[in-house]
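Each remark here refers to the structure printed beneath this line.
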Amino acid sequence: MTRLWTFAGIGAVIGTIMLAACGSAPAAPTQAPAAPNPAATKPPAPAAKTPVTLRFLKIADELEAKAFTEMLAAFQKIDGGKWSYVNIEFDAKPFAELFPAIQKSVATGQVTDLIQSDGPNVKNFAYNKLLRDVTDNYTPAEMAQWSPQSIVEGTYKGRFYGPPQNQSCQALWYNQEMVDAAGLKLDTKGLTYGPNGTGLPIWQKLTVDKNGDGTPEVYGFQNSGPNWSDYLNRIIARTNGKPGDPTYEGVSPDGLKFKGFFDTDKANEAFQFDQDLFTKYKVRSTQPPANAMLAGFSAMAVSQDLLLGTLKNQFPNFKIGAMEPPYWVTPMCHTGSWHYGISSSTKSFDEALAFVKYASSDEGAAFIWKYKNQLPANVKFTATLQEYKSYPRNITVDNFTKYGKPRIETPAYTEYSALFNEFYGALVSGGNVTDLTKQYAQRMEDVAAKYAR
Amino acid sequence: MAITTVARPKPLRWWQKHRNRVMLIGLLFVLPALVNFMVFRYIPIIGSAWYSLWDYSLLGGFREFVGIDNYVRALTRDSSVLNGFLVTLSFVVLKVPLQVTLALLLAAFASQERRGMGVIRALIFIPVVTSFIVVAIVWGMLLNRDIGLANSILQTFGLPRQSFLTSQTNALPSIVAIALWKDVGYSVIILVAGLKGIPVMFYEAATIDGANSWQRFTRITIPLLRRALTFVIVTTTLFSFQVFIPIYALTSGGPGQATNVIVHYVYQQAFVYSDMGYASALSILLMAILFVVSAVQLRLLRRGDW
């Protein structure tokens with residue numbers, strides 16, 4: 001009996017521990033690099049202030065981590081060390097987990113000071129009052145340091161919520177050896193879509209089916225895959241319109257209407273040709289692997305210039321060429337990358353604002369550029385970069401300047417993006433294009449309707 | 001004459017009575033499991049039922065009390081719900097009979113006491129203990145239309161390449177096959193244990209009476225394996241209704257909505273379409289359906305023990 005009581009007691013203790021664990025504080029952040037302590041060159045500290053640690057919920061990226069570590073150290077020295085009492089705790093999540101982590105953070109009432117938001121999601125976060133309106137905290141001169149596209153992406157209903165960290169644009173990259181082997185001479189002007197366009201014959205020539213089994217070993221053309229995001233795959237339809245018309249704009253000005261924008265005749269024409277690239281002409285693969293072009297699986301691919309980082313690290317012997325991305329009638333590249341947002345739940349707004357201002361300035365952008373090598377959002381700073389003055393990266397920045405267009409501007413971007421993914425999968429598998437665009441335009445509108453409140 | 005007073009024994013407190021002490025000890029033993037169920041099952045179910053009455057999202061919070069509107073919407077206005085249930089039903093109807101049959105055959109083979117059977121049983125069980133995400137990703141590569149091993153093998157035999165996961169016709173059966181490969185080992189182990197519990201004397205007696213192997217299997221093995229089979233059928237059905245990981249990892253419910261099982265749709269509503277209230281209503285509906293399904297199964301498969 002004594003032994004029974006002993007075991008029963010152990011069981012009670014275990015139960016108590018489990019109950020206690022359920023009420024415990026949230027898990028510690030996954031990454032918290034210590035700020036460097038350059039004691040030798042540290043300027044005289046101002047009057048001692050209570051240390052403030054800002055919690056920054058962001059994407060897990062080794063290169064960004066290095067950039068932010070250096071950026072923070074520099075930030076602590078500006079204005080005579082005014083912000084030396086500010087530290088940052090980086091709560092870094094893998095890309096696919098960042099949005100759920102933000103949702104969880106809000107739902108559990110966890111205090112966050114800074115949020116790294118993908119450009120198209122800024123409107124959603126602003127609608128849900130996740131981000132602080134910082135319109136009145138920026139002067140016109142400060143706003144002028146960024147590209148117009150960045151300001152559009154960081155704005156919701158005329159108010160500014162998200163200073164930009166980076167930008168993006170695309171080019172059509174190609175395997176120079178495959179192009180040479182096909183006897184092609186290409187310039188940098190963009191190819192055109194369409195059965196009578198300049199792109200199709202080139203892609204057909206570049207598609208190689210050595211053993212004649214109907215499945216090419218090399219596909220002529222690919223969007224950087226393998227998922228069917230709207231970032232790359234909506235462009236074909238939008239470029240079949242002209243600036244200002246529904247096909248080109250892609251959504252109503254309030255971001256809530258998709259019927260008459262997603263399913264126009266011009267969009268259907270473009271999506272039909274896109275489907276034919278997979279099913280009729282067979283110059284695109286329905287299941288491309290990651291880094292399809294660099295791995296030798298396709299001859300050409302539309303991608304950001306971040307591709308060059310992958311090339312340098314994993315495919316150093318690859319000979320790459322570039323040209324403007326293909327289009328129907330109006331050239332376009334989809335823009336948008338990461339933005340800084342100050343959380344509504346922050347208790348250290350002044351410190352958070354000061355850091356965000358510094359991070360999004362030319363000085364802060366330099367740290368990001370040093371490690372990530374991604375197109376900056378800062379106009380003047382970009383103009384100083386030698387890499388963007390010469391081939392092939394000049395194509396990206398020229399395209400951005402001339403044809404850069406933010407992705408579909410809607411507070412329902414997450415929902416729209418998921419539906420587009422589903423739509424495109426159905427398109428690639430051979431569904432009726434007109435039926436699909438009509439069906440999905442309706443579904444997109446249905447999910448966006450709640451943002452009209 | 002001296003009067004002797006006998007002291008009355010003190011009445012026992014309730015925890016001192018033997019029967020109550022035994023019950024109390026038993027309760028303390030099950031306390032960790034009870035706490036687990038309460039905290040991770042019953043309280044979330046009650047919470048979910050409450051959320052289902054609201055227009056609620058993780059980012060937006062509780063906006064408006066809508067009562068049963070979410071349920072009305074699911075049952076009358078949202079065609080994707082019906083699609084989700086039909087796809088799930090198709091998955092269950094394909095997988096459960098195949099898994100039970102295959103598990104029975106493998107168990108009959110693996111329960112024999114021969115050299116190397118331990119290794120065979122381990123090999124059958126390895127997929128069960130492998131992470132489903134890893135399994136799904138690897139199978140995704142194997143089934144790739146252009147560069148997958150499966151299609152290379154088909155081509156070797158002169159057969160045309162198949163779009164296993166990008167065809168609206170093939171995607172669901174392909175997912176069934178992957179899930180079957182992953183889960184059959186669990187059923188085999190249960191059935192092997194059941195087979196080992198059947199006394200040998202029944203088979204000996206049947207052999208003496210002239211029964212062949214098929215008759216022994218159908219007249220002795222199956223009836224005496226009823227309890228284990230019931231468990232396997234019920235649990236396989238319940239788990240199949242809740243399939244999620246291979247869909248999430250491989251097809252995201254596509255192509256079209258060909259593999260958009262109801263649990264994946266619930267996930268999409270909760271975390272992608274920011275409608276946690278509606279997702280909660282769908283999950284309560286699913287729970288009710290599963291309750292009915294398992295009750296019906298248990299009723300149909302219930303029989304007296306031998």
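FYI, it's all coordinate maths here, none of it is from the lab. Everything quoted here is computed from the prediction, not taken from an experiment. With ideal geometry, Cβ positions are generated from the backbone for all residues, glycine too; neighbour counts draw on all protein chains shown.
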Worksheet item: Helix-derived [θ] at 222 nm for chain A: sum -39500 (n - 2.57) over DSSP H runs of at least 4, divide by residue count, nearest 500?
Response: -12000 deg cm²/dmol
Fill in: Cα-based shape type of segment B:79-301, given that a ≥ b ≥ c are square roots of the gyration tensor eigenvalues and the cut on a/c is 1.5
oblate
Discussion item. Taking each residue in B:28-41, count the Cβ atoms of any other chain within 10 Å of its Cβ, then average. What number comes out?
Written reply: 5
Practice prompt. Report the Stokes-Einstein translational diffusion coefficient (µm² s⁻¹, integer) for the protein assembly as shown, Rh taken as the Kirkwood radius over Cα pairs, at 10 °C with viscosity 1.306 mPa s.
Written response: 53
Worksheet entry | Unit Cα scatterers, Debye sum, chain A: log10 I(q)/I(0) for q = 0.11, 0.12, 0.13 Å⁻¹ | -0.92, -1.06, -1.19
Fill in: Principal-axis tilt of helix A:95-107 within chain A, Cα atoms, nearest 10 degrees
40
Worksheet item: Averaged over B:255-261, how many beta carbons belonging to a partner chain fall within 10 Å of each residue's beta carbon?
Response: 4
Worksheet, complete the sentence: Rounded to whole angstrom, the alpha-carbon centroid of segment B:77-92 lies from that of segment A:351-366 at a distance of 49
Worksheet item: So which of A:Lys93/A:Lys372; A:Lys104/B:Lys95; A:Lys129/A:Lys347 end up more than 25 Å apart by C-alpha?
Response: A:Lys104/B:Lys95
Worksheet item: With charges set only on the Cβ (+1 for Lys and Arg, -1 for Asp and Glu), what does the dipole of segment B:79-301 come to about its Cα centre, in debye to the nearest 20?
Response: 420
Worksheet, complete the sentence: Note on segment A:240-359: alpha-carbon gyration tensor, axes a ≥ b ≥ c; rule is a/c under 1.5 for rounded, else prolate if a/b larger than b/c, else oblate; result oblate
Item to complete: Go ahead and run the numbers for FRET between A:Val379 and A:Lys157, Cβ-Cβ distance against an R0 of 22 Å, rounding to 0.05.
Response: 0.35
Response to the item:
Taking Cα pairs closer than 8 Å and at least 6 residues apart, the relative contact order of segment B:79-301 in percent is 29
Practice prompt. Provide the descending list of Cα extents for segment A:102-244 along its principal axes, expressed in whole angstroms.
Written response: 60, 37, 27
Worksheet item: Taking the highest mean first, how do the peptides B:181-188, A:81-88 order by number of other beta carbon atoms within 10 angstrom per residue?
Response: B:181-188, A:81-88
Item to complete: Please name which of A:Ala126, A:Val152, A:Ser390 has its Cα lying farthest along the dipole of chain A towards the positive end, using unit charges on Cβ (Lys, Arg +1; Asp, Glu -1) and the Cα centre as origin.
Response: A:Ala126
Response to the item:
What the Cα atoms of segment B:214-257 span along the principal axes, largest first and in whole Å, is 47, 19, 14
Response to the item:
Which of B:Ile262, B:Ile284, B:Ile222 fluctuates most in a GNM of chain B (C-alpha springs under 10 Å)? That residue is B:Ile222
Response to the item:
If amide H atoms are modeled at 1.01 Å from N in the peptide plane, then the residues at a separation of 5 or more from A:Leu54, or on another chain, having amide H under 5 Å from its own are A:Asn87, A:Ile88, A:Glu89
Worksheet item: Gap in Å between the Cα centre of segment B:140-211 and the Cα centre of segment A:170-185?
Response: 45
Practice prompt. Rounded to the nearest 0.05, what FRET efficiency do B:Ile153 and B:Val129 give with R0 = 25 Å and r taken as the Cβ-Cβ distance? Could you check?
Written response: 0.40
Worksheet, complete the sentence: GNM of chain B, Cα pairs under 10 angstrom: of B:Val129, B:Val293, B:Val266, the biggest fluctuation goes to B:Val129
Worksheet item: Which percent, nearest 5, of DSSP beta bridges in chain A are antiparallel?
Response: 55
Item to complete: Take peptide B:161-172, look around each residue's Cβ out to 10 angstrom, count Cβ atoms belonging to other protein chains, and average those counts.
Response: 3
Response to the item:
Checked against the positive end of the charge dipole of segment B:79-301 (+1 on Cβ of Lys and Arg, -1 on Cβ of Asp and Glu, about the Cα centre), the farthest of B:Phe244, B:Val263, B:Val129 is B:Val129
Worksheet item: Rounded if a/c is under 1.5, else prolate if a/b is larger than b/c, else oblate: which is segment B:1-154, with a ≥ b ≥ c the root eigenvalues of its Cα gyration tensor?
Response: oblate
Discussion item. Whole angstrom only: what separates the Cα centroid of segment A:137-160 from the Cα centroid of segment A:419-453?
Written reply: 31
Worksheet entry | Mean Cα-pair separation over length for chain A, i.e. relative contact order, pairs under 8 Å, 6 or more apart, % | 23
Worksheet item: Helix A:433-448 versus the longest principal axis of chain A: what angle, 0 to 90°, nearest 10, using Cα atoms?
Response: 20
Worksheet, complete the sentence: In degrees rounded to 10, the 0-90 angle between helix A:349-359 Cα long axis and the longest Cα principal axis of chain A is 40
